[in-house]
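Undergrad: Structure provided below as structure tokens; questions to follow.
Derivation of every value follows stated rules applied to the coordinates shown; laboratory data play no part. The shown structure was predicted, so the numbers you read here are calculated from the model rather than taken from an experiment. All Cβ positions, even for glycine, are placed from backbone atoms using ideal geometry, and neighbour counts span all protein chains on display.
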Amino acid sequence: MAISVKLMHRPEPESTSYLRAALSGMALTFKHMVNPTKVTQQYPEEMTDLSPRWRGTHVMEQHADGRPKCVACGLCPTVCPANCIRLVGGEDDQGNRYPIVYEIDEFRCIFCGMCQEVCPVEAIHVGRHFENAEYTRDRFVYDLDRLMEQDHPSTLLWDPSDPSSE
Amino acid sequence: MEPISGIPAIVAMALKNLGIFTLVILVVAYATYAERRVSAFIQDRRGPNRVGPFGLLQPIADGIKNILKEETLPGTASRFFFILAPILVLVPSLVTFAVIPIAAPLPTRWGVVDMIIADVPIGILYVLAFSSLAVYGVVLGGWASNNKYAFLGGLRASAQMVSYEVALGLSLIAVLMLAGNVTLTEMVWQQQQLGMWFAFPLSLAFILFVISAFAETNRLPFDMPEAESELVTGYHTEYSAMKFSAFMISEFGHMVTASALMATIFLGGWDLPGTWDNAFWYNGQLISGFAENGTPIAAQPAVWKTLLTFGGFAAKTGFFLLVYIWIRWTLPRFRYDQVMALGWKVMLPTSLGYVMLVAMTILVLDELGVQYGFLFGLVLTAVSGAATLSFMFFLDRGRTIAGAGAQRTQKVEVKTTPTAVVSGRAEPAPAGD
């Protein structure tokens with residue numbers, strides 16, 4: 001098997017130019033200097049359109065009287081691949097189950113959206129949102145109140161007029 | 001009009017000191033802003049635009065940040081020289097501005113005020129003396145840091161600045177021969193008298209001066225002393241906070257001063273086209289020119305003339321600042337040997353030869369009895385233009401500063417005897433034991 005070495009064609013020193021190359025380079029940079037189109041996105045003022053499949057920070061749907069829709073069935077902590085949902089269920093006088101503790105650790109969450117898919121009462125949803133900055137780490141464990149307070153829309157993967165995707 | 005004298009002169013001097021120094025510092029601050037903005041535009045970015053309208057308060061934010069940062073002193077550094085170095089760099093870069101006239105003389109109730117801090121008779125020599133002092137600060141900073149990168153940066157700075165100082169001084173000799181004096185006010189006056197700016201009759205000196213000024217200010221493509229890809233950041237590697245800021249300010253101060261110098265020496269300083277703004281002190285009298293029979297014509301200084309000429313001066317200086325920034329974000333750094341080759345093999349002989357050429361041309365023109373004026377300048381322009389074109393032609397052949405790609409093709413002998421490989425499959429590499 002023959003070994004082949006690729007010989008790069010280099011211009012001879014006599015045929016190369018520094019000044020002309022430098023001047024054409026300066027013309028190029030000048031063209032860019034006066035070019036008004038910029039690649040930088042002015043982030044807080046102009047936002048990127050999120051994908052319709054975007055899955056972000058969770059939202060807990062609630063009834064009109066402010067109770068969470070969650071019935072503490074335990075499906076979402078079971079299906080959660082990251083094991084980031086902590087649920088302690090309870091039962092009230094009428095026999096309705098409700099979550100006593102419902103916490104999502106947004107650090108551990110991988111935003112797969114399986115909690116939303118598995119929920120039988122369409123209570124927990126992933127949302128169209130990504131600005132989650134906090135000053136302390138413990139603020140990233142969202143409790144039930146916080147999940148219900150989230151005011152961003154839930155993901156477009158879920159259509160409220162057709163809740164069970166039929 | 002009489003020149004200002006007595007107590008008002010002292011007050012005017014104090015005000016000029018304060019005003020021009022503040023102006024230079026302000027321009028330096030906004031040169032950093034302009035650098036970041038222009039570099040961003042060149043790269044299709046936006047640059048700093050968050051602090052204040054269009055980011056105009058960015059230099060102030062930078063200053064506050066640098067003051068509040070922690071000053072570090074390397075344990076093995078030589079403390080005294082380590083602290084002395086930024087001062088030694090900063091001061092020469094700012095004091096040089098004292099001899100540069102920034103506008104036409106300003107008439108006041110007490111007399112005419114020259115718009116220059118110190119119209120010293122040694123002019124250009126003062127500039128050269130102080131600009132070469134700056135190299136001491138750089139070398140000292142590199143040496144006192146006790147850091148090998150800083151030391152290499154300092155060494156490179158000394159070699160580079162000494163090399164290009166020669167070409168800088170020699171390119172100025174042509175100017176001095178034409179202007180006949182070393183004061184910068186008289187240089188402006190001579191350009192007004194010649195009817196054209198020295199950039200035309202002395203075009204090659206202009207080009208050599210610009211190249212040397214780039215090398216003297218350590219700006220790309222001559223930023224060997226910093227060379228961040230090779231030497232971390234060169235001579236100021238160990239500096240932090242305000243001491244680093246002092247190096248930064250002095251770099252931009254050198255840029256501003258060099259731009260103002262180039263504007264003054266080669267683009268007529270505050271002179272604007274036309275003879276309406278000509279003004280010069282001649283035997284204690286402010287004149288705008290000479291009549292046919294040689295009698296001086298008195299100049300009419302006015303506030304609007306001062307303001308307009310200052311605008312012209314600012315525009316020229318700003319133009320050179322823009323060129324500085326523009327070139328920095330276009331051209332890559334030279335190799336070190338290219339810098340030295342360009343300095344000693346190209347710049348030095350060219351400037352020496354050019355001095356001879358200009359001297360001979362001036363001598364011939366004087367012998368032929370051509371008066372110092374437009375025709376005089378025109379002949380010099382033609383001669384210099386020819387010299388410039390031939391200089392460009394030879395520089396452009398790429399012998400001295402060819403790109404890395406331009407090397408003589410090396411023929412590689414490749415032996416193609418198929419012996420070793422038998423099975424067609426490479427032997428698996430032995431596992432590490």
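Undergrad: Has segment B:52-68 got at least one residue that is crowded, with 22+ Cβ neighbours inside 10 Å and at positive phi?
TA: Checking segment B:52-68: not a single residue is crowded, with 22+ Cβ neighbours inside 10 Å and at positive phi.
Undergrad: Restricted to segment B:227-242, and to residues that are in contact with a Leu (Cβ under 9 Å, 6 or more places away or on another chain) and of a type outside the set (Gly, Ala, Ser), which residue is farthest from B:Met161 (Cα to Cα)?
TA: Looking at residues that are in contact with a Leu (Cβ under 9 Å, 6 or more places away or on another chain) and of a type outside the set (Gly, Ala, Ser), I get B:Glu238.
Undergrad: Residues in segment B:196-246 that are touching a Phe, Trp or Tyr at 6+ places or on another chain (Cβ under 6 Å), within 14 Å of B:Ala85 (Cβ to Cβ) and part of a helix (DSSP H, G or I): how many?
TA: Of the residues in segment B:196-246, 1 are touching a Phe, Trp or Tyr at 6+ places or on another chain (Cβ under 6 Å), within 14 Å of B:Ala85 (Cβ to Cβ) and part of a helix (DSSP H, G or I).
Undergrad: Which ones in segment B:13-47 are in a helix (DSSP H, G or I), free of Cβ contacts under 8 Å to residues at least 12 places away in the same chain and facing chain A (nearest Cβ under 10 Å)?
TA: B:Ala40, B:Phe41
Undergrad: Can you tell me how many residues within segment B:48-63 are part of a helix (DSSP H, G or I) and within 14 Å of chain A (Cβ to nearest Cβ)?
TA: So the answer is 2.
Undergrad: Can you confirm whether segment A:28-40 contains a residue that is more than 37 Å from the chain's Cα centre (by Cα), of a type outside the set (Phe, Trp, Tyr) and either more than 14 Å from chain B (Cβ to nearest Cβ) or surrounded by fewer than 16 Cβ atoms within 10 Å (Cβ to Cβ) (or both)?
TA: The answer is yes; a qualifying residue exists.
Undergrad: Just to be sure I understand, how many residues within segment B:227-265 are more than 20 Å from B:Ala29 (Cβ to Cβ) and more than 12 Å from the chain's Cα centre (by Cα)?
TA: The qualifying residues number 11.
Undergrad: While we're here: Is there a residue being in contact (Cβ under 8 Å) with a residue 12 or more places away in the chain and of a type in the set (Asp, Glu) anywhere in segment A:38-57?
TA: No, the conditions are met nowhere in segment A:38-57.
Undergrad: Something else now. So A:Thr57 ticks every box in (1) more than 9 Å from chain B (Cβ to nearest Cβ); (2) under 30 Å from B:Arg50 (Cβ atoms); (3) in a loop (DSSP other than H, G, I, E, B) but one. Which box is left unticked?
TA: Condition (3) is where A:Thr57 drops out.
Undergrad: Yes or no: segment A:18-26 includes at least one residue that is without any contact (Cβ under 8 Å) to a residue 12 or more places away in the chain, within 14 Å of another protein chain (Cβ to nearest Cβ), within 30 Å of B:Val38 (Cβ to Cβ) and in a loop (DSSP other than H, G, I, E, B).
TA: Yes: one or more hits.
Undergrad: Okay, moving on. Which residue is nearest to the chain's Cα centre (by Cα), if the candidates are limited to segment A:74-117 and must be β-branched (Val, Ile, Thr) and surrounded by 15 or more Cβ atoms within 10 Å (Cβ to Cβ)?
TA: It comes out as A:Ile104.
Undergrad: I need the full set of residues from segment A:118-143 which are in a loop (DSSP other than H, G, I, E, B), more than 12 Å from the chain's Cα centre (by Cα) and free of Cβ contacts under 8 Å to residues at least 40 places away in the same chain, in order please.
TA: Of everything in segment A:118-143, those that are in a loop (DSSP other than H, G, I, E, B), more than 12 Å from the chain's Cα centre (by Cα) and free of Cβ contacts under 8 Å to residues at least 40 places away in the same chain turn out to be A:Ala133, A:Glu134, A:Tyr135, A:Thr136.
Undergrad: Please give the number of the condition A:Glu103 fails out of (1) assigned to a strand (DSSP E or B); (2) within 15 Å of A:Trp54 (Cβ to Cβ).
TA: It fails just one condition, (2).
Undergrad: What do you reckon, is B:Ala85 in a helix (DSSP H, G or I) and surrounded by 13 or more Cβ atoms within 10 Å (Cβ to Cβ)?
TA: yes
Undergrad: Then there's this: Restricting attention to segment B:48-67, and to residues there that are among the aliphatic types (A, V, I, L, M) and touching a residue at least 12 places away in the same chain (Cβ under 8 Å), which single residue is nearest to B:Ser240 (Cα to Cα)?
TA: Residue satisfying both the conditions and the ranking: B:Ile67.
Undergrad: Within segment A:41-71, which residues are among the aromatic types (Phe, Trp, Tyr) and either surrounded by 10 or more Cβ atoms within 10 Å (Cβ to Cβ) or closer than 19 Å to A:Trp158 by Cα (or both)?
TA: A:Trp54 - this is the single residue of segment A:41-71 that is among the aromatic types (Phe, Trp, Tyr) and either surrounded by 10 or more Cβ atoms within 10 Å (Cβ to Cβ) or closer than 19 Å to A:Trp158 by Cα (or both).
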